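Taking it in order: structure first as structure tokens, then the write-up.
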């Protein structure tokens, strides 16, 4: 699974590099296949496979949340800080346009990691995926606390059915529009703080109530306030629970026919909803190009994950497993490097060699941030978890 994460992160990085240095070629490619969607869907499948297993091995919500915090936040904060420094030095921005919230609201939204569901522009454009990771964590914790964590296939199908039901709905940040962004952010942050705080208590009743509250928050924001289309947010969560269902089948907690049936339903719905609902996301890409690109990305992500499952017990090349180890750094760091490079050099014509050379800069930098930030903070998180649990 580490190997799959590494491949996914590198594909996303090269996709974004091509947008800077091979825009014409990338535009033609994305008429048929979207490498970015492919990469993040593989990430989501792997997260679904790994994260619930991590929680259940520990059997403790407090240790789960401590390990997640020390795994995700240190590098995220470092990359956000690097983006601020880059912009202050006259470099290119790393986020989308829009958003006039006070700095404290922007910080608070990013502290929840749910900013993409709170109508706050992402500080770095790739971290929209972390909002769905956090929503998944909240759901997984809630299901675990309620004793429903082994019903992953049913959860995946239920989310898919809800996506089909709501495919024509276009609420679009409904809560933020009605209540205002600032109030929504403060309210969501308060609910999340209470939910995680209670989940980490030693009193089972309070821990269960907190975890379930967090799960309700995740579903409510996904359905009512996500920047993405409602059906797409729900399908993303269904994809993650598909990875969980396959993990359970592998470990004898679920029948294979049930897990594969759920996976088939999610795959069919993801392709069908994309063909029905997707629209062009950029100049030069037609509506049908966007539909084809989504469908092919979904199918190829499923095929790659299936290949990874089939080969999971075989030894992988060391370079591929190493790429998986540094995949989080690759994913978060590549927009910073691209922004720095294009600040000083963005040619008028295509430069494919720049795309090919980009990993030669990115991978050593990712290894440095892994050694300097990720690994030490993960080790610290393990020590903190042992002392507090």
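The values are calculated or read from the model by the stated rules, or taken from the named source; none is laboratory data. Computed from a predicted model, the values in this text were never measured in an experiment. In this analysis, Cβ positions are derived from the backbone assuming ideal geometry, glycine residues included, and neighbour counts consider all displayed protein chains.
Odds and ends about this structure:
- Residues that are surrounded by fewer than 20 Cβ atoms within 10 Å (Cβ to Cβ) and either on the phi > 0 side of the Ramachandran plot or touching a helix residue (DSSP H, G or I) at 6+ places or on another chain (Cβ under 7 Å) (or both), drawn from the stretch 37-53: 53
- Within the stretch 85-122, tally of residues that are surrounded by fewer than 20 Cβ atoms within 10 Å (Cβ to Cβ), under 24 Å from residue 346 (Cα atoms) and modelled with pLDDT of 85 or more: 1
- Among residues of the stretch 178-192, those that are in a helix (DSSP H, G or I), surrounded by 13 or more Cβ atoms within 10 Å (Cβ to Cβ) and without any contact (Cβ under 8 Å) to a residue 24 or more places away in the chain, counted: 3
- Residue among 296, 226 that alone is touching a residue at least 60 places away in the same chain (Cβ under 8 Å), closer than 30 Å to residue 36 by Cα and out of contact with any helix residue (DSSP H, G or I) (no Cβ under 7 Å at 6 or more places or on another chain): 296
- Of all residues in the stretch 22-33, those that are farther than 20 Å from residue 275 by Cβ have Cβ atoms under 7 Å from Cβ atoms of residues that are assigned to a helix (DSSP H, G or I), 6 or more apart or on another chain, in 22/352; 22/355; 25/18; 26/18; 26/19.
- Close pairs from the stretch 238-253: first touching a residue at least 24 places away in the same chain (Cβ under 8 Å), partner surrounded by fewer than 24 Cβ atoms within 10 Å (Cβ to Cβ) and not in a helix (DSSP H, G or I), Cβ under 8 Å, at least 6 apart: 245/254; 248/150; 248/254; 253/150
- When 75, 10, 55 are checked against the criterion of being modelled with pLDDT of 95 or more, out of contact with any strand residue (DSSP E or B) (no Cβ under 7 Å at 6 or more places or on another chain) and within 24 Å of residue 385 (Cα to Cα), a single residue qualifies: 75.
- Test for residue 252: is it surrounded by fewer than 18 Cβ atoms within 10 Å (Cβ to Cβ) and either modelled with pLDDT of 95 or more or not in a loop (DSSP other than H, G, I, E, B) (or both): no
- Selection within the stretch 341-352 - surrounded by fewer than 17 Cβ atoms within 10 Å (Cβ to Cβ) and within 29 Å of the chain's Cα centre (by Cα): 343, 346, 352
- Taken over the stretch 186-214, the criterion of being over 20 Å from residue 139 (Cβ atoms) and at pLDDT 95 or above is satisfied by 186 alone.
- Any chance residue 4 is part of a helix (DSSP H, G or I), in contact with a helix residue (DSSP H, G or I) (Cβ under 7 Å, 6 or more places away or on another chain), surrounded by 24 or more Cβ atoms within 10 Å (Cβ to Cβ) and touching a residue at least 40 places away in the same chain (Cβ under 8 Å): yes
- Among the candidates 272, 289, 264, the residue that is in a helix (DSSP H, G or I) and either in contact with a strand residue (DSSP E or B) (Cβ under 7 Å, 6 or more places away or on another chain) or modelled with pLDDT of 95 or more (or both) is uniquely 264.
- From 141, 109, 156, 119, residue being over 28 Å from residue 179 (Cβ atoms) and in contact (Cβ under 8 Å) with a residue 24 or more places away in the chain: 156
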